[in-house]
Amino acid sequence: MGIPNTSRPYEEWAILFRKMWRSTMGKKLFLTFLIILSLLVFTMGFFAYQQTREMYYDVVESGLQQSVEALESHIDTRASFEESPPVSYIQTIEEATGYRITLVDQEGVVLVDTQEDPAVMDNHQNRSEIQKALSSGQESMAIRFSDTVGLDMMYLAKKVEFSDGGHGIIRTAIELHLMNHILSNHLMSLIVFLLISLMVAALITRILLGIILKPVHKINRFAEEIAQGNYNDRMLIHQKDEIGDLAKSLNDMADRLKNNFKTLNRKNIELETILKNVMDGIIVIDSQFRIKMISQSAFDLLQADGIDDYKNKNIVEVMRNHRVLDLLKSHFEEDGLQEQSMEVKIHEKIFRLTVRRIPQQRKGDRFLVIFQDITKIKALENMRRDFVANVSHELKTPITSIKGYIETLQENAIEDRETVKRFYQIIHMETER
């Protein structure tokens, strides 16, 4: 039992891909689908990244908010806020979350900061998040550059009302470069995923295009065979779609063309046989005086070396008889004239030349020129004319003689019987001639 050739399907697909890539339609379709897929994939990736970024920002903001609420639950009086803040608890939250925590009194003075010494820090009353929290009484978030640590930060500040009067600000913050690092890693993973998805989609698209264009290539090869005159091949495409209908129509067209060309060839053979055996010379010319068809008799008349030498040549080049050319020109110039005839002498022979118009629907009219050899007819006519003249002459001489003798006998009373008898004998002799 032989080992199956598993490489053949791959070779067929490789050949199909090469044909598709050489195909202009294949390239256009593949590039079009690739552009559409790229736009679709990267648009989805962009929105996915934006959604992920917003979701991550929301998660971070929620974490900052929870830290503020946890601190707020341990601070209820001004003394607990200004004099003995829960530093240990603040440090615990800072270590657990990595957030920067700042306590600011109502005058903007920094009381506690987990990353800097409050004594050297500027007054924070003009910070945007603190101003919004003081004015609105609600949580306020801001993303800005920190002059203290020299980094971009996300801040969340909340106004705290004390039970013994007054208020303060609890603020939590996180460095944006940490968030951006996480988002960058996520973005790189997303880009890799999108590129892999795009490559897989491009491969699937190429395979599908190969399957779709395979019958198109068959149709193209079939059309080339028809163009070369091969009407025997047929396409075996049985798809129930437009391509299948096209293949069926092309097969039907090939059948009709084959039958039409058979009929045309048969008629051409019949026409060539007629032209070779017809006694009259026949030439077909177009409106530019070019010879399109010539019979054997006309060929012999023009004394050509070969019939093909005269095809598509101007009749003026091969026929120097000015009377014939004048007749052709006059017939060409008069559109309504259908037929003209004249007698012309060519090579010591007499021909009756007839020109007939052959109307054409698309191109200019063609003209049928018939050369009928009437040399023998003319010779017979001359013989008949000479014969009649001779007969007339031969008849006229005895009749004149007889007439003279009869008139003499009638007008003169000739009593001499011998003379009368001699006249009768002469008349009898003339009638016997």
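Asn260 is checked against (1) touching a Phe, Trp or Tyr at 6+ places or on another chain (Cβ under 8 Å); (2) under 30 Å from Asn312 (Cα atoms); (3) of a type outside the set (A, V, I, L, M); (4) not assigned by TED's automatic domain parsing to the domain that holds Val355 and fails just one. What number does that condition carry?
Result: Asn260 fails condition (1) only.
Just need a number here: residues in the range 244-270 that are within 16 Å of Pro215 (Cβ to Cβ), aliphatic (A, V, I, L, M) and loosely packed, with under 11 Cβ neighbours inside 10 Å.
0
How many residues, within the range 116-168, are under 19 Å from Leu71 (Cα atoms), small (Gly, Ala, Ser) and exposed (fewer than 14 other Cβ atoms within 10 Å of the Cβ)?
3
Which residue out of Asp280, Asp286 is touching a Gly at 6+ places or on another chain (Cβ under 8 Å), surrounded by 13 or more Cβ atoms within 10 Å (Cβ to Cβ) and touching a residue at least 40 places away in the same chain (Cβ under 8 Å)? Steps first, answer last, please.
On the way: Asp280 fails: touching a Gly at 6+ places or on another chain (Cβ under 8 Å).
The conditions single out Asp286.
Condition test on Asp241, is it of a type in the set (Asp, Glu), surrounded by 12 or more Cβ atoms within 10 Å (Cβ to Cβ) and at pLDDT below 85?
no
What residue, of Leu236, Leu187, Leu183, Leu246, is modelled with pLDDT under 85 and assigned to a loop (DSSP other than H, G, I, E, B)?
After ruling out the rest, the residue left standing is Leu236.
Specify which of the listed residues (Lys218, Lys214) is in the same structural domain as Glu107 (by TED's automatic domain parsing), without any contact (Cβ under 8 Å) to a residue 60 or more places away in the chain and surrounded by 13 or more Cβ atoms within 10 Å (Cβ to Cβ).
Answer to the check: Lys218.
The values are calculated or read from the model by the stated rules, or taken from the named source; none is laboratory data. The structure presented is a predicted model; accordingly, all values stated were derived computationally and were not measured. Virtual Cβ from ideal backbone geometry, glycine too; neighbours counted across all protein chains shown.
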